[in-house]
Each structure stands twice: as structure tokens, then as C-alpha cells.
1. Take the alpha-carbon centre of region 168-196, take the same for region 119-144, and report the distance between them in whole Å.
2. Excluding residue 238 itself, calculate the net charge of residues whose Cβ lies under 10 Å from the Cβ of residue 238, where each Lys or Arg counts +1 and each Asp or Glu counts -1.
3. For region 91-171, what Kirkwood radius comes out of the mean inverse Cα-Cα distance, in Å?
4. Rounded to the nearest 0.05, what FRET efficiency do residue 251 and residue 194 have when you use their Cβ-Cβ distance and R0 = 45 Å?
5. Mind checking which aspartates and glutamates have their Cα closer than 15 Å to the Cα of residue 198? Skip sequence neighbours fewer than 8 apart in that chain.
6. Could you pull out the longest piece of the chain with no exposed loop GluC sites (Glu not before Pro) in it, calling a site exposed if DSSP puts it outside H, G, I, E, B and it has at most 14 other Cβ atoms within 10 Å?
7. Given contacts defined as C-alpha pairs under 8 Å and at least six residues apart, what's the relative contact order of region 30-165, whole-number percent?
8. What do the square roots of 5 times the Cα gyration tensor eigenvalues come to for region 106-232, in whole Å, largest first, as semi-axes of the equivalent ellipsoid?
Amino acid sequence: MLLTDLAFIGITRISGHKSFTYAALDRDLNLTALADGELDDVIAFIAGHGSATVAVDAPIGVNRGLVLEMTKSKMLTPQKNRRTDLRLVEYELRERGIATTKTPASVEQCPEWMQAGFELYRRLGKMGFRKYPEKDSPYLVLETNSHACHCVMAGQVPLGRLSLEGRLQRQIVLYEHGLNIKDPMDFFEEITRYKISKGILPMELLYRPGQLDALAVAYTAWLAVKKQEGVFVIGDMKEGMVVLPERELKNKYL
């Protein structure tokens, strides 16, 4: 069945695999889908929508040496012994205290998950998706970074994504930004002395780390269209522009 309403879809990779986790929000920030799948599954899901904005948590292309060029020309002065084989957007985020994976200069050197991301972008292009912020297109795609999204939404570097505290923190921040998802505070209402002593925790009330990443990315897609003034775009057109869910970025995230 074709879903004609506009969908805001966030896609992130499953660590160490070619598989993806994807989340979809409607125009009112209701969660309409949250699942894992292979590339064909993701493409089929996207194709079922009459219009969609897709945010991808992966580099859109390789590093083209901009940081190295700018360092040589003294336009950038990275700290001593800091490597320059990364994209400009990754350099800029790292300078703000936001850790990012460095994108190599050739596809062959890229890890498997990055190559899976390149293939996803290619497939979306064949489907008619245009790069954000092109106007008057029902199909838009943009690059973002889930960790950076969590940082700017929380206003700080959040706790570890795999820890219970980090998951709670991320879900609370997403909930407070208006996403109609499970209220993470319900987790605490289900906890009793007896359950803790038996190691019984209501983990079904919390989303998995990859799901939280996909939700943050989907929210970024929503914000980029519904409240364009609420996003910040960083990077360079030659290597990739990353869209983040905040009007302005701090100089440092701690």
C-alpha cells in the first residue's frame, strides 16, 4: 500500500554489519515505524511513501583532502600530531569535542559500514532523491551524524550509548524534544526493591542504542523540513554537508 503522507525517515547502520536500523516519524512526530533490515528492506520501506525526507547516519562520500590542503595553506592549524586524513566536517566536529569516525580518501579504504552507506545513497539517487535543501522535491536526502545529534540536543556529550544511563539520557532528550515515543520516566515507575534484587528491570520501556540513534536521525529529517531555522549545516559541499538538530552549535561539547 502506498503511504501518501510525508514521512521523515532516519537510517543508521548496525555496527559491524551491512544491515540498518530505521525509524519513521510523521508530520506530528508520531513514531510510525522502527525496525532493522537489509538494504533492500529499507529501500522497499522508503518506496512505500509518496514523499519522504531521509536522513542517513553515514558519510555521503570520501574525504577529498580539504583538511590537508587547508592545513598546508595555513587556513587550518590543527593541534600537534593530529591527523589530517579526514573530511572537513569531521575536523570541525572534533574541534568542538564531538568524536566522529574519520572517512578515508578512497572507497576501498572505507570500512564495510561506510561502503553500505555509499550504496544506500546511490540507490536513493536512482529513486529520484535530491540532496537537501533542494526546493520543490517530494524526495530529499541528507547526511547527519547520530552521535553529533545526541550531543547538540543534550547540549553536552551524553553518557555512553550502550549504558543504561546513556540510553535513559538519550530517550529523555528525544522525548523532551517532542517525539511521541515511550516516556522513559515510566521505567522508574516499574522499579521496586524486589525487582532490583532479582535483576528484573523493565528494559522493554527503553529503546536499544541503535534505535535511539535512528530516532535522533529521523527527528533531524523532520526538523530540516518542518522548522528549517532550527537546524545547523556544517561541512563542505565537495565532501559532504552534515545537518544537525540545533540552530547554533557550541564551541565545545563536554
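Derivation of every value follows stated rules applied to the coordinates shown; laboratory data play no part. Source: prediction; values computed, not measured. Because the Cβ atoms are built from the backbone with ideal geometry, glycine has one as well, and the counts that use them run over all protein chains shown.
1. First find each Cα centre; the distance between them is then 34 Å.
2. Around residue 238, the charge tally is 0.
3. 15.1
4. Details: r = 47 Å, r/R0 = 1.05.
My answer for the efficiency is 0.40.
5. Cα-Cα hits under 15 Å: 190.
6. 39-133
7. On the way: 135 pairs, mean separation 41.9, N = 136.
31 percent.
8. Values: eigenvalues 222, 68, 32 Å².
Semi-axes, largest first: 33, 18, 13 Å.
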